[in-house]
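Colleague: Can you keep this structure in mind? I'll have questions shortly.
Derivation of every value follows stated rules applied to the coordinates shown; laboratory data play no part. All of these numbers come straight from a predicted model, not from anything done at the bench. Here the Cβ positions follow ideal geometry from the backbone for every residue, glycine too, while neighbour counts run over all protein chains shown.
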């Protein structure tokens, strides 16, 4: 499922009333297209990206792609791009821990977007340490996807945002 498809249906979200966090995510994203969620992302991406760690597997790829497209196409300043890309990678890593097959499917389909992130990152004039960490994490994602086989091994213990909530 990608952003060219229709948004995920209510049925794909499952029993949203059973989990307050999923209900919160549904209220933000449920049955909405990228264009419809764009104002929410523009107003507070760092809050909205947290949904990636908890949304149901069936809707993850659609909204993860939407958020990554936002980072690539709507973060004009270097600071916004770096902060939002770091947060995006952190919260998609939470999905890796809980649903590795879903994570792998998303990143396998999003490799072109990840290459665009890496290219933009290489052109930004930023603190070397931040660029290096994000570059390493992007490289680790690419390596993990290319060599996937068996158990997941953590990419690193470094997070730009501290501990990421687990589902």
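Colleague: Which log10 I(q)/I(0) values does region 11-146 give at q = 0.08 Å⁻¹ under the Debye formula, counting every alpha carbon as one identical point scatterer?
Modeller: Each listed q maps to, in turn, -0.20.
Colleague: Okay, moving on. Going by C-beta contacts inside 10 Å, put 32, 4 in order with the fewest on the left.
Modeller: Ascending number of Cβ neighbours within 10 Å: 4, 32.
Colleague: Suppose the chain between residue 109 and residue 23 were pulled fully straight at 0.36 nm per residue; how much longer would it get relative to their current alpha carbon spacing?
Modeller: Extra length from residue 109 to residue 23 when fully extended: 28.3 nm.
Colleague: Which whole-number percent is the relative contact order of region 11-146 (Cα, under 8 Å, 6+ apart)?
Modeller: So the answer I get is 22 percent.
Colleague: Based on the Kirkwood radius over alpha-carbon pairs, what value in µm²/s does the Stokes-Einstein equation return for the translational diffusion coefficient of region 1-87 at 37 °C and 0.692 mPa s?
Modeller: 251 µm²/s
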